[in-house]
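Only one structure is covered here, and it is reproduced in the block below.
The values are calculated or read from the model by the stated rules, or taken from the named source; none is laboratory data. Computed from a predicted structure; not experimentally measured. With ideal geometry, Cβ positions are generated from the backbone for all residues, glycine too; neighbour counts draw on all protein chains shown.
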Amino acid sequence: MSTLPGWRDARSFLFVSPHPDDVELGCGGTLAALVRKGASAEIAVITDGRLGTRDPGRSPEEIASTRAAEQEAAALMLGVRLRMLALPDGGPHDYYRLRDHAVALLRAVRPQYVFVCDPYLPYEAHSDHRMVGLAVSEAALLSGLPHYAGGSGEAHDVEGVVYYFPRRATDLFALDEQSLGLRRRAIACHQSQFGADDPIVARLEAQLARNGAAEGAIAAEPLHARTRAQLHIPGPLGAED
Ligand SMILES: [Zn+2]
């Protein structure tokens, strides 16, 4: 597997989550491992997760409040600072406002690398995931341009983007027992979303175990890393994709 030079040794990261729980599901073990190595990391959750129930008796506000508390517990578990933008779960979102939010985040946190869900998936139906992934990707191009006025803050260049839930992995990030345990406990903080034997959690666990076997580890998270230069006018078709 090719590995993007640099990101594993970077010292500062921003992890962007469309909803409470996505970062933990997509790259919670990687986040835990990087923090354990001494890197600084923050999680930014874009929407409030208010649609996250099938119980019509629970109000959206109650769900959002529950999920905010769960997300705070997960961030505490992982040892990272948390920012919650609380935009409406499910939108509607204006893409360019979302991009401004993403630029403002990058300029405020000033990470070397930003993690976000891969927006370039053929079968991702959830527009929050597609739009947040795209907005953060484009923000990575724009946040260092001093004349880009959308999004407050002083210009800041990130070195690249690392996608979780990737279409194609460039990296399998091997997890040891401790980082895998932190991932599991952080996911378990989202009690309103995942009961025992949750099928999504079980499917991801199986994927992590398969990836881990390929890497000689107990588990590995699939990631797709790109430098900032690889986010615009990429190389010849087939060379990278
Ligand atoms: Zn989500």
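Count, please, the residues in the stretch 1-22 that happen to be within 12 Å of LEU223 (Cα to Cα) and under 16 Å from the mean Cα position of the chain (by Cα). So that I can check it myself, show each step before the final result.
Just the residues of the stretch 1-22 that are within 12 Å of LEU223 (Cα to Cα), to begin with: 1-4, 7-8.
Among the residues that remain, those that are also under 16 Å from the mean Cα position of the chain (by Cα) are: 7-8.
Number satisfying all stated conditions: 2.
Say whether the condition of being exposed (fewer than 15 other Cβ atoms within 10 Å of the Cβ), in contact (Cβ under 8 Å) with a residue 12 or more places away in the chain and farther than 26 Å from CYS189 by Cα is met by at least one residue in the stretch 101-121. Quick ask: steps written out before the conclusion?
First, the residues of the stretch 101-121 that are exposed (fewer than 15 other Cβ atoms within 10 Å of the Cβ): none.
Taking every residue of the stretch 101-121 in turn, none turns out to be exposed (fewer than 15 other Cβ atoms within 10 Å of the Cβ), in contact (Cβ under 8 Å) with a residue 12 or more places away in the chain and farther than 26 Å from CYS189 by Cα.
Answer yes or no: is there a residue in the stretch 129-150 that is more than 26 Å from GLN71 (Cβ to Cβ), within 16 Å of the ligand (Cβ to nearest atom) and not β-branched (Val, Ile, Thr). Reasoning before the result, please.
Step one: filter the stretch 129-150 for residues more than 26 Å from GLN71 (Cβ to Cβ), giving 141-142, 144-150.
After this cut, where a residue has to be within 16 Å of the ligand (Cβ to nearest atom) as well, the list is none.
No, the stretch 129-150 contains no residue that is more than 26 Å from GLN71 (Cβ to Cβ), within 16 Å of the ligand (Cβ to nearest atom) and not β-branched (Val, Ile, Thr).
GLY153 - would you say it is surrounded by fewer than 17 Cβ atoms within 10 Å (Cβ to Cβ) and away from the ligand (no atom under 16 Å from the Cβ)?
Considered against the rule, which asks whether it is surrounded by fewer than 17 Cβ atoms within 10 Å (Cβ to Cβ) and away from the ligand (no atom under 16 Å from the Cβ), GLY153 comes out as yes.
Which residue out of VAL16, VAL35, VAL45 is touching a residue at least 60 places away in the same chain (Cβ under 8 Å) and either closer than 26 Å to LEU204 by Cα or in a loop (DSSP other than H, G, I, E, B) (or both)?
VAL16
Would the stretch 49-66 turn up any residue that is more than 20 Å from HIS190 (Cα to Cα), more than 16 Å from the ligand (Cβ to nearest atom) and either at pLDDT below 95 or among the polar types (S, T, N, Q) (or both)? Can you show your working first?
Step one: of the stretch 49-66, the residues more than 20 Å from HIS190 (Cα to Cα) are none.
Looking for residues that are more than 20 Å from HIS190 (Cα to Cα), more than 16 Å from the ligand (Cβ to nearest atom) and either at pLDDT below 95 or among the polar types (S, T, N, Q) (or both), one finds none in the stretch 49-66, hence no.
Can you find a residue that is at pLDDT 95 or above, aliphatic (A, V, I, L, M) and within 13 Å of the ligand (Cβ to nearest atom) anywhere in the stretch 1-16?
Within the stretch 1-16, the subset at pLDDT 95 or above is 7-16.
Among the residues that remain, those that are also aliphatic (A, V, I, L, M) are: 10, 14, 16.
Still in the running and within 13 Å of the ligand (Cβ to nearest atom): 16.
Yes, some residue in the stretch 1-16 is at pLDDT 95 or above, aliphatic (A, V, I, L, M) and within 13 Å of the ligand (Cβ to nearest atom).
Looking only at the stretch 110-124, count how many residues are within 11 Å of the ligand (Cβ to nearest atom) and either over 15 Å from the mean Cα position of the chain (by Cα) or more than 18 Å from ARG99 (Cα to Cα) (or both).
Of the stretch 110-124, the ones within 11 Å of the ligand (Cβ to nearest atom) are 117, 124.
Those left that are additionally either over 15 Å from the mean Cα position of the chain (by Cα) or more than 18 Å from ARG99 (Cα to Cα) (or both): 124.
Qualifying residue count, the stretch 110-124: 1.
Can you tell me how many residues in the stretch 157-182 are among the polar types (S, T, N, Q) and closer than 17 Å to SER137 by Cβ?
If we filter the stretch 157-182 for residues that are among the polar types (S, T, N, Q), which is where we start, we get 170, 178-179.
Next cut, closer than 17 Å to SER137 by Cβ only: 170.
The total comes to 1.
Pick from GLU221, GLU177, GLU240: which is surrounded by fewer than 21 Cβ atoms within 10 Å (Cβ to Cβ), modelled with pLDDT of 95 or more and not hydrophobic (A, V, I, L, M, F, W, C)? Can you show your working first?
On the way: GLU221 fails: surrounded by fewer than 21 Cβ atoms within 10 Å (Cβ to Cβ); GLU240 fails: modelled with pLDDT of 95 or more.
Going through GLU221, GLU177, GLU240 in turn, just one is surrounded by fewer than 21 Cβ atoms within 10 Å (Cβ to Cβ), modelled with pLDDT of 95 or more and not hydrophobic (A, V, I, L, M, F, W, C): GLU177.
Would you call VAL35 closer than 29 Å to ARG99 by Cβ, within 16 Å of the ligand (Cβ to nearest atom) and crowded, with 17+ Cβ neighbours inside 10 Å? Give the steps one after another, and end with the answer.
Values: closer than 29 Å to ARG99 by Cβ: yes; within 16 Å of the ligand (Cβ to nearest atom): no; crowded, with 17+ Cβ neighbours inside 10 Å: yes.
For VAL35, the condition - closer than 29 Å to ARG99 by Cβ, within 16 Å of the ligand (Cβ to nearest atom) and crowded, with 17+ Cβ neighbours inside 10 Å - is not met.
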